[in-house]
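Participant: Before anything else, here's the structure in question.
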Amino acid sequence: MEKCELSKQELSSKGLEAGVSTLQKILVLKKQAELEEVDKRLALKQLEFKNSVEALAQQRSELEIKLQQTKERVLKFEKFVGENEVKRRRALKNCETSREQNIMKQRKIEELTEELKQLRTRKKVLKDRVEKYKIYEDYLMNTLDRLPNNYVNDESESLVMPIIRRHETLSFTYQELLQRLMRMEERVEQRQRQLLNLKEEHSIKKLMANKELLELQSELETLKEKNKQAEVNLTTEQGLSRQKVTEVGRLLMSINNLAEQCYLPAYGPLESMDVLTMMDMVKEYILDKADTERRARRLMESGSAVTSTTAESVTVRHIQFCQHRQRLGEPVTTFVDELRRLARVCGFGRLEKEMIQDQLVEHVCSEAVQSRLLDYPGELTLATAIELTQWFEAAEIIVRGLPERAFLSEDESRAKALSWDPDDGDAGEDVYASVTWRHPNELRRVEEMKRRGGSPEVKRRRRLEKDLSKD
């Protein structure tokens, strides 16, 4: 039984394998048929593509032939146009030549016509003269006819021969005079033509000379205007130079007066100082005084003033800030400090510097400073505006020769620049670099004071601060 079952299983497996192989063969045959169909289609497509490529190649060759023919036609047409242009130019030239020849011939015809009229007139005059003298000819011919034949051969002197010779001589002289008259008339005509030509040349030269004269006159007027403008500019420059010299003299006198009032022994004798050293000395003296007074005022105010905070509205603070103006004679640093104090309670934030700058430019009391700030060429900042305002204020005070009390208020950076500590190292140099007036003499003096431990005025100020702090 087991063998039967095994044989049945083997038969079934063989049948399945045969069926599977038959199915695979059928699928292979189908795929082969499909592949043959695809190959046929591909061959047809290749044939069509080949035919289309050949057709395109043939069309391309035809187009190239047509293009070549078109180029040849274009060349022929261009050649034809060129030949026509040459012919046209030649025809125009011939036409112009024939026109000139016609004009010359017409002029010659007119001259010949005029000459013919003159000859006819002369012929008529001669004919009238011949008719006039015809009676004399007839008379002479009759006389010759009536004379005997041997009269001419007669040796005896005849009375008629002198008359005939005289007539011949007169006629010959008359002909010579006529020829001379004709030659003189020709010369006169030639001279007249030359005179006309000279008159034409003279008129042309006269017109050219008048034109050149007008051009020269216009150039002369231009040069006169330029000379007048140059004279005005020279006069203006001379006036400006005189004003500058006067201003420089006043400035030098003011600097000398201020140097005498602000003398510091550390700078040496006053007679041996130059202008820049005097200005450095005056600056240091003024900054020292301003710093001393500011510190003393702050110490006095800190002991007596009582801070009180009031609940003001933001609108009231803004109005107070916007309405605050610089008073007459008030230093710009005091004005800016007051603006900063008012701006701190207004809460402007990042716009605080811009608001202070706008208020400084708008409410500065000097119109000259305001116009200069408004016309500043670069980007105007708060530090630049304060610096320019301080310089204008210092220059005005120097020119007017005001006393040193006018300089008592100064920027905090300037006071710190001269109150540096030698032990701070490079911090003093960074602070001093913020000062606007950075002259090389100041840098050398700072280095020297650093080596010596500070100037006498700085030492004296430090001692004063220590005494005040102990009290």
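Participant: Starting from the Kirkwood radius over alpha-carbon pairs of the stretch 73-118, derive D by Stokes-Einstein at 20 °C in a medium of 1.002 mPa s and give it in µm² s⁻¹.
Facilitator: 164
Participant: Next up: Could you please report the charge total around Arg60, scoring K, R as +1 and D, E as -1 over all other residues with beta-carbon less than 12 angstrom from its beta-carbon?
Facilitator: That sum, taken over residues with Cβ under 12 Å, equals -2.
Participant: Determine, from the Cβ-Cβ distance of His324 and Lys228 and an R0 of 51 Å, the FRET efficiency 1/(1 + (r/R0)^6), rounded to the nearest 0.05.
Facilitator: On the way: r = 52 Å, r/R0 = 1.03.
Rounded to the nearest 0.05, the efficiency is 0.45.
Participant: Counting only other residues whose beta carbon sits under 12 Å from that of Arg41, what net charge do I get with K and R as +1, D and E as -1?
Facilitator: Details: positive: Lys40, Lys45; negative: Glu34, Glu36, Glu37, Asp39, Glu48.
Local charge sum for Arg41: -3.
Participant: Another question about this same structure. Setting aside same-chain residues fewer than 8 positions from Lys87, which lysines have a Cα under 25 Å from its Cα?
Facilitator: Lys71, Lys76, Lys79
Participant: Which whole-number value in Å³ per residue fits the convex hull of the alpha carbons of the stretch 1-133?
Facilitator: It comes to 99 Å³ per residue, whole-number rounded.
Participant: Beta carbons within 10 angstrom, averaged per residue: use that to sort the peptides 325-334, 210-219, highest first.
Facilitator: Listed from highest to lowest mean packing, they are 325-334, 210-219.
Participant: Quick check on packing: order 190-198, 335-343 by the mean number of other C-beta atoms within 10 Å, highest mean leading.
Facilitator: On the way: 190-198: 10.0, 335-343: 17.9.
Descending packing order for the listed peptides: 335-343, 190-198.
Participant: Could you size up the charge dipole of the stretch 154-297 around its Cα centre, putting +1 on the beta carbon of Lys and Arg and -1 on that of Asp and Glu, and report it in debye to the nearest 20?
Facilitator: On the way: 22 positive and 26 negative charges, 109 e Å.
The calculated dipole for the stretch 154-297 is roughly 520 debye.
Participant: Run down the lysines and flag those whose C-alpha is under 29 Å from the C-alpha of Lys228, throwing out any fewer than 8 positions away in its chain.
Facilitator: List returned: Lys211, Lys244.
Participant: Using a simple spin-label model with points 7 Å from Cα along the Cα→Cβ vector, what separation in nm is obtained for Val125 and Arg350?
Facilitator: If labels sit at Val125 and Arg350, their model points lie 11.7 nm apart.
Participant: If R₀ is 56 angstrom, what is the calculated FRET efficiency for the pair Glu200 and Leu170, using the beta carbon separation as r and rounding to 0.05?
Facilitator: The formula returns an efficiency of 0.80 here.
Participant: Same structure, new question: On the first, second and third principal axes, largest extent first, how far apart are the outermost C-alpha atoms of the stretch 235-372 in Å?
Facilitator: 59, 47, 26
Participant: Run the simple label-point estimate for Thr315 and Ser21 please: 7 Å along Cα→C-beta, distance reported in nm.
Facilitator: Computed distance between label sites Thr315 and Ser21 equals 10.9 nm.
Participant: Sticking with this one: Any idea how far apart Asp337 and Ala209 come out in nm if each label point goes 7 Å out from Cα toward Cβ?
Facilitator: Those two pseudo-labels are separated by 8.7 nm.
Participant: At 20 °C and a viscosity of 1.002 mPa s, what translational diffusion coefficient does Stokes-Einstein give for the stretch 182-236, taking Rh as the Kirkwood radius over Cα pairs? Give it in µm²/s as a whole number.
Facilitator: The estimated diffusion coefficient comes to 144 µm²/s.
Rule-based calculations on the coordinates, nothing more; no lab input. Since we're looking at a predicted model, the values are computed, not measured. Using ideal geometry, Cβ is built from the backbone for each residue, glycine included, and neighbour counts are taken over all protein chains shown.
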